[in-house]
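*Asks:* Right, I'll just put the structure down here and ask away after.
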Amino acid sequence: MDPRLDRSKGVNEAIAEPMPALTQAGKAETFEALYRRTLPRVYAYVAALLHDRATAEDVTALTYERAYRKRRGFSALRGTREAWIFGIARNAALDELRRRKRQAKLEVEPGDLAAPAIDDLADLTVKRETVRAALATLDARERELVALKFMAGLSNSEIARVIGVSESNVGTRLHRTVNKLREACDGRA
């Protein structure tokens, strides 16, 4: 028998293998179900941190690869599956940002090719630029909080587990950050 065929044996069964912890309904959730449920939010979070869609796709894939390899190490006592996945995504994105710092920076940020024409949606474009400019006034920690809360849709307790602070600290930081964003948007409107 060809030894190369042995390597892929059982892959489908491994993907359908239940995760160690139980879902809210008390039934085990497969890794595939976790992947399908969290992928859009993980990608949105990573894209918000990296500001590069192609790299965000790569980092998101790396996140799920790492999660799959470490799936047996998941412990419900340390938090939810979402917090676990977002913690892995955060680490992968931070690794990418550190790697970028070692490389030369672009003179100009590339334009968004998928964005609608300015003539068609001028009002939307102005609002989008106002929010983008307001987000640019935030420091990296504040932008990460916004991404975890509004793009990833995590609760304050899940955010606390991801970034390693108390839940009340997350609430306070989010409140201050949203007020700062609101003031920045009002100042530009």
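A short reminder: the numbers here are calculations on the coordinates, not readings from a lab. Every value quoted in this text rests on a predicted model; they were computed, and no experiment measured them. Positions of Cβ are backbone-derived with ideal geometry, glycine not excepted, and every protein chain shown enters the neighbour counts.
*Asks:* Can you classify segment 115-189 as rounded, prolate or oblate using the Cα gyration tensor, where a ≥ b ≥ c are the square roots of its eigenvalues, rounded means a/c under 1.5, and otherwise it's prolate if a/b beats b/c and oblate if not?
*Replies:* Since a/c reaches 1.5 and a/b is larger than b/c, the shape of segment 115-189 is classed as prolate.
*Asks:* Once fully extended, how much extra length lies between ASN169 and ARG141, figured as 0.36 nm per residue of separation less the alpha-carbon to alpha-carbon distance?
*Replies:* Contour length minus the Cα-Cα distance gives 8.8 nm.
*Asks:* Next up: Report the label-to-label distance for CYS185 and GLU129 in nanometres (one decimal), using points 7 Å from each Cα along the Cα→Cβ vector.
*Replies:* That separation, rounded to one decimal, is 1.7 nm.
*Asks:* Related question: Between the alpha-carbon centers of segment 73-95 and segment 121-161, tell me the distance in whole angstrom.
*Replies:* 20
*Asks:* Follow-up question, since we're still on this one. Can you tell me which of 74-83, 60-69 comes out highest on packing, and rank the rest after it, using the mean Cβ neighbours within 10 Å?
*Replies:* Going from most to least packed, we get 60-69, 74-83.
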